[in-house]
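A.B. asks: I'd like to ask some things about the structure below.
The values are calculated or read from the model by the stated rules, or taken from the named source; none is laboratory data. Everything numeric in this text was worked out from a predicted model, so none of it was measured. In this analysis, Cβ positions are derived from the backbone assuming ideal geometry, glycine residues included, and neighbour counts consider all displayed protein chains. Please note that ligands, DNA and RNA were not included when accessible areas were found on the heavy atoms of the full protein model with its side chains. Shrake-Rupley method; radii C 1.70, N 1.55, O 1.52, S 1.80 Å.
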Number of protein chains: 2
Amino acid sequence: MREVAALAGVSAATVSHVINGTRFVSDEVRGRVDDAIARTGYVSNVLARSLRVGTTRTIGHIVTDIENPFFAEVARAVQMDALRHGYVTMIANSDEDPAAERLCVETLIERRIDGLVIAPCGGSVNKSCFARLVEARIPTVLVNRDIRGAGMPLVTVDYRRAGYDATKILLDKGYDRIGVVAGPHAVSSTAERLSGYAHALQEREVAPDANLIFHGIGKVEDGYNAGKRLLRSASRPQALLVFNSSMMTGLLAAMNEVGLTTNDVPAVVFQGRVFDAVLPEVWSVRQPTEELGRVAFDLLLRMMRDGWSDDGGPVGGSRVSAMSRITAVRAELFDPKVPSPDGRSKEPVSGGVH
Amino acid sequence: MREVAALAGVSAATVSHVINGTRFVSDEVRGRVDDAIARTGYVSNVLARSLRVGTTRTIGHIVTDIENPFFAEVARAVQMDALRHGYVTMIANSDEDPAAERLCVETLIERRIDGLVIAPCGGSVNKSCFARLVEARIPTVLVNRDIRGAGMPLVTVDYRRAGYDATKILLDKGYDRIGVVAGPHAVSSTAERLSGYAHALQEREVAPDANLIFHGIGKVEDGYNAGKRLLRSASRPQALLVFNSSMMTGLLAAMNEVGLTTNDVPAVVFQGRVFDAVLPEVWSVRQPTEELGRVAFDLLLRMMRDGWSDDGGPVGGSRVSAMSRITAVRAELFDPKVPSPDGRSKEPVSGGVH
DNA sequence: CTGTTAGCGCGTTCAG
DNA sequence: CTGAACGCGCTAACAG
C-alpha cells in the first residue's frame, strides 16, 4: 500500500479512501491511484483490514457429514449465497461426533468468524460450546436440527408433517405394517419424522410396534443391518420408510441377498431421488435443500447486520418483531409413476436421517 | 491480551511466549498466565498473529461441484487431513465455470491462503488466473484434472488405465458395441478414460464409432439425454460405459421410459457404488477419493514447508529430487455378483466425469 | 529467565 | 480536498 501511495505521489490514507470510496477524492488523484494499483498488482490485505475493522466477512458452516448429498446441497447453497453477499464460507465436518464438533466451533471462533450456520450433532452434549458462541456474541443459526434450550433460531423442514405424509402414502396403498429405517434417537429430525409416523398410524388405529423401528446413524451399513433385521423376521413389514438414501442403498443390498425386491416391499425414501425413477414401488420425499441453505444464510445475514437479541433470532424494530424462532420449509413427493426427464412428478407432500 | 498480561502481572510478550511455547517461562509465571487466560476466557487473535507472521494456516480448496459425491469425498479428506495438521480449509465451488473459478481464486488469494488444492474446470481458459498463483508464490496442487503447461503438480487417478480396464470388462463378456456416456471434451480425466477405451477396442480390433460417444457435463439430465440418443438409435450399443453416477441416474430414467433394463444393456459406472449392489449386470469402478485428498494435501504440506520450485512440485535436497510431477492412484472394481455388507468384491480394476 | 520496543498493513480521527 | 499520527493484537529482536 505504501508502494502504491508512493507511486501515485499521495499518502496511504488517500489510497485507502480510493479503495473503499469512503470519502471524496479528486478525479485526478483517483486516476493516479487506480493506475498505481493496476501497475503494482496491489491487493489490499484483508487481514490488516479485519484487524482494524473487527469484522472478517467470513462465516462458518458446520455439518455432520459433507458426503451426505443432503448436507452437500445445503452447504452449496449457503456458500453460493454467502459469496454473492461478499462473505466467504469455512465449511467444517463434525462427523456426528460431539468432540469434533467442539473442535470445529473452537477453531472457527478463533478465526473470528462473523457468523455461523450449524447442523448440530445429536444430543445436547455440547452445551458449553454453544454457550461460548453466545458469549462471544457470534450470530448463529441452526439448520435442520434443533437443540433444546439453545435459544438459537432454527431453519428446518417440517419433518413431522413429512413423516406423516410419507406414512400415509403407504397406508393409503393398504399397507399396515410399516417398518422404519430411522436415524439416531437424539436427532430432532428423526424424532419428528417418527412422531409424524406415529400420528398417521394412530389416525388409522394401527397399533405401533417398536420392533418395526430400526435406528442407525445414516450410513450404508446401517441400511444393510436394518434389512437383515427387519426382513428376516417372521412377521416382516409390508412396506418401509427409509430416512435417507445411503441407508436405502444398504437396504437394497440386503434385499438382494434374501431375494426380495421393492415389488415385495415397497418403500418411501427421504431424499431418495436416485431410486424413485429406477425401482418399482419406490417413492421419495425431497427436502428443498437449496431453499434451506438460502433461508439460513439470509437469516444469518440479518442477524449480522442488525444485531442479535438473546432470545434467538434477529433483533429489530417492529418490522421483524413477530418472527418466530423456527422457520420451516415444506418438502415434496417424487412419484416415479409419472416419469419425466428427472423422474419426478409434481405431486407435493411435505418435508424429509439428516 | 493486555488484560491477561495485567492480570498475571507480566508483559504481553510473556503471554505470547506462554501460548506459543516459544521460549522458556518459569513454572510459576506460566501458572499465573494460564490462570489469567482461563479466567478471562481469552482467545488469541489469529488475525493479528497472521498479520505479523505472514502465514494464515489456511488453505483453499476449489472444486467444480461439491454436490458430486466424488468431490465431496475428496474435499472431506483434504479438510480432515488439513485440520489434523493445524490448517483450516476454505472450500469453494467453481461450478464448472471459468469465471466463477477466477472469482474463487481471486478471493482466496485476497484471503492470503498459504496453499491451494484445486480441481480446475475444463479447458485452459484461466491461464492468467493460474499465473497469479505462481506470481503470488502460493503453493498449488491440482487434483484429478491436469492443466497443460501450468507446471503444477497433479494428483490423480490413472484414468487411462481405468478406462481401459472398464472397457475390457465389457469386451470380455462379449460386447463389442460399447456406448459411452462421457464428460466434457476439455477435461483431462474424460480424455484419458476415452483414450483407455479406444486402446482396449483397438486391441480387440473393434472399429471405433464416434456415434457411440455422448458428451455431457456430468448432470442427471445429461444421462437422460444420452439415453434418449444412444438407446433409441437403430443400432443401439450392447453395453455402456458411464462416467459418473449422476448421469447413470438419468440414463436409468431414460431406459425406464423405453422399457429397457440393465439386463438388456449392461453397464460399467464410474463411482457408481449406489447401483452395483442393486441392479443386475452393473459394475462400478471406484476411485479412491480419500487417498486422493490425503495425498494431495500431504504434497501441498511439503510444498508449504519446504518451499516450491518453479518446475512444479516441492523443491528439496536429494531426498525428493526424483519426484515426478504426477502422482496417480489406482481405482478398484466393485462386483455386485459377490454381495457383502457394502456390496463390493475384492476384484480390483484401475481408476472414474469428475 | 523476563520486559521493552518496533512494526506487520490497514482504517480512522484530527488538523490543515 | 488531503496528509500525519495513532492503534487494532501480536511476535521478533534486543536489552537486561
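A.B. asks: Largest first, please: the extent of the C-alpha atoms of the range B:141-255 along each principal axis, to the nearest Å.
C.D. replies: 46, 33, 19
A.B. asks: Give me the one-decimal nm value for the distance between modelled label points at A:Asn211 and B:Arg84, 7 Å along each residue's Cα-to-Cβ direction.
C.D. replies: Here the answer is 4.4 nm between the modelled labels.
A.B. asks: Pairs of alpha-carbon atoms within less than 8 angstrom and 6+ residues apart define the contacts here; what relative contact order does the range B:2-44 have, in percent?
C.D. replies: Working: 31 pairs, mean separation 18.3, N = 43.
Relative contact order of the range B:2-44: 43 percent.
A.B. asks: List the residues of the range B:166-209 whose backbone N lies under 19 Å from a point placed 7 Å from the Cα of B:Leu260 along the Cα-to-Cβ direction.
C.D. replies: B:167-183, B:208-209
A.B. asks: Would you kindly compute the Cα radius of gyration of chain B and its largest Cα-Cα separation (Dmax), both in Å?
C.D. replies: For chain B, the Cα radius of gyration and maximum Cα-Cα distance read 25.1, 87 Å.
A.B. asks: For the range B:2-44, what are the per-bin percents of Cα-Cα distances with bins 10 Å wide, up to the bin holding the maximum?
C.D. replies: Reading upward from the zero bin: 34, 62, 4.
A.B. asks: Per-residue HN-Hα couplings for the range A:162-179, Karplus 6.51 cos²θ - 1.76 cosθ + 1.60 at θ = phi - 60°, whole Hz, x for Gly and Pro?
C.D. replies: 4, x, 4, 5, 4, 5, 5, 4, 6, 4, 4, 8, x, 8, 9, 8, 10, x
A.B. asks: With respect to the cross-link table entries A:Lys168/A:Lys228; A:Lys127/A:Lys168; A:Lys173/A:Lys228; B:Lys168/B:Lys228; B:Lys168/B:Lys219; A:Lys219/B:Lys219, which display a Cα-Cα separation exceeding 32 Å?
C.D. replies: Table pairs above 32 Å Cα-Cα are A:Lys127/A:Lys168.
A.B. asks: Now, a different point. Can you list residues whose amide H is under 5 Å from A:Thr140's amide H, if they're 5+ apart or on another chain and H is modeled 1.01 Å from N?
C.D. replies: A:Leu116
A.B. asks: Heavy atoms only, probe 1.4 Å: what % of the accessible area of the range A:2-44 goes to carbon and sulfur, would you let me know?
C.D. replies: The value for the range A:2-44 is 50 percent carbon and sulfur by accessible area.
A.B. asks: On average, how many beta carbons from a partner chain sit within 10 Å of the beta carbon of a residue in B:103-112?
C.D. replies: On the way: counts 1, 2, 0, 1, 4, 1, 2, 6, 8, 5.
So the per-residue partner count for this stretch is 3.
A.B. asks: Give the interface area between chains A and B as buried accessible surface, both sides summed, probe 1.4 Å, in Å² to the nearest 100. Write out the running numbers ahead of the final one.
C.D. replies: Working: alone 16940 and 16960 Å², together 29220 Å².
Heavy-atom accessible area buried at this interface is about 4700 Å².
A.B. asks: Continuing with the same structure: Got a sec? Which residues in the range A:246-288 would a label at A:Arg232 touch, if it sits 7 Å along Cα→Cβ and we count backbone N under 16 Å?
C.D. replies: In the range A:246-288, the label zone of A:Arg232 (backbone N under 16 Å from the point 7 Å along Cα→Cβ) covers A:251-260.
A.B. asks: Can you give the accessible area per residue of the range B:2-44, in Å², using a 1.4 Å probe?
C.D. replies: Working: 2660 Å² over 43 residues.
Each residue of the range B:2-44 exposes 62 Å² on average to a 1.4 Å probe.
A.B. asks: Express the C-alpha Rg of the range A:1-83 as a ratio against the empirical globular expectation 2.2 N^0.38 Å, rounded to two decimals.
C.D. replies: Dividing the Cα Rg of the range A:1-83 by 2.2 N^0.38 Å gives 1.60.
A.B. asks: For the range A:189-286, report the accessible area per residue in Å² (1.4 Å probe, heavy atoms, rounded to an integer).
C.D. replies: On the way: 3740 Å² over 98 residues.
Roughly 38 Å² per residue, with all protein chains present.
A.B. asks: By what distance, in whole Å, do the Cα atoms of the protein assembly as shown stretch along each of the three principal axes, largest value first?
C.D. replies: The principal-axis extents, from largest down, are 75, 67, 56 Å.
A.B. asks: Given R₀ = 35 Å, what would the calculated FRET efficiency be for B:Asp306 paired with B:Asp176, taking r from the Cβ atoms and rounding to 0.05? Show your work: numbers first, answer last.
C.D. replies: Values: r = 51 Å, r/R0 = 1.46.
With a Förster radius of 35 Å, E is 0.10.
A.B. asks: Moving to a separate point now. At A:Val206, label 7 Å along Cα→Cβ: distances to the other copies, nm, ascending?
C.D. replies: A:Val206 label point versus its equivalents elsewhere: 4.8 nm.
A.B. asks: Nm distances between the label at A:Ala136 and the same-position labels in the remaining copies, 7 Å along Cα→Cβ, shortest first?
C.D. replies: Nearest first, the other copies' label points are 2.4 nm away.
A.B. asks: Under the rule of -39500 (n - 2.57) per DSSP H run of 4 or more residues, summed and divided by the residues of the protein assembly as shown, what mean residue ellipticity at 222 nm is obtained, to the nearest 500 deg cm²/dmol? Walk me through the numbers before you get to the answer.
C.D. replies: On the way: 26 runs with 310 residues, N = 708.
Here the helix-only value at 222 nm equals -13500 deg cm²/dmol.
A.B. asks: Measuring label to label, 7 Å along Cα→Cβ, what does A:Asp176 give against each other copy in nm, shortest first?
C.D. replies: 5.9
A.B. asks: Would you mind checking which residues have amide H under 5 Å from B:Met90's amide H? H placed 1.01 Å from N; only 5 or more apart, or other chain.
C.D. replies: Long-range HN contacts for B:Met90: B:Ile59, B:Gly60, B:His61.
A.B. asks: Please list 3J(HN,Hα) in residue order for the range B:126-139, calculated via the Karplus relation 6.51 cos²θ - 1.76 cosθ + 1.60 where θ = phi - 60°; whole Hz, with x for glycine and proline.
C.D. replies: 8, 3, 4, 6, 6, 4, 4, 5, 6, 4, 7, 6, 9, x
A.B. asks: Right, something else. Just need the relative contact order of the range A:123-256 here, percent rounded to a whole number, with Cα pairs under 8 Å and 6+ apart.
C.D. replies: On the way: 199 pairs, mean separation 32.1, N = 134.
Relative contact order comes out at 24 percent.
A.B. asks: Given H placed 1.01 Å from N in the peptide plane, which residues other than close sequence neighbours of A:Val157 have an amide H under 5 Å from its amide H?
C.D. replies: Result for A:Val157 returns A:Asn144, A:Val329.
A.B. asks: So which residues in the range A:234-263 end up with at least 10 square angstrom less accessible surface once the other protein chains are there, compared with the chain by itself, probe 1.4 angstrom?
C.D. replies: When all protein chains are present, A:Thr249, A:Leu252, A:Ala253, A:Asn256, A:Glu257 each give up 10 Å² or more of accessible surface.
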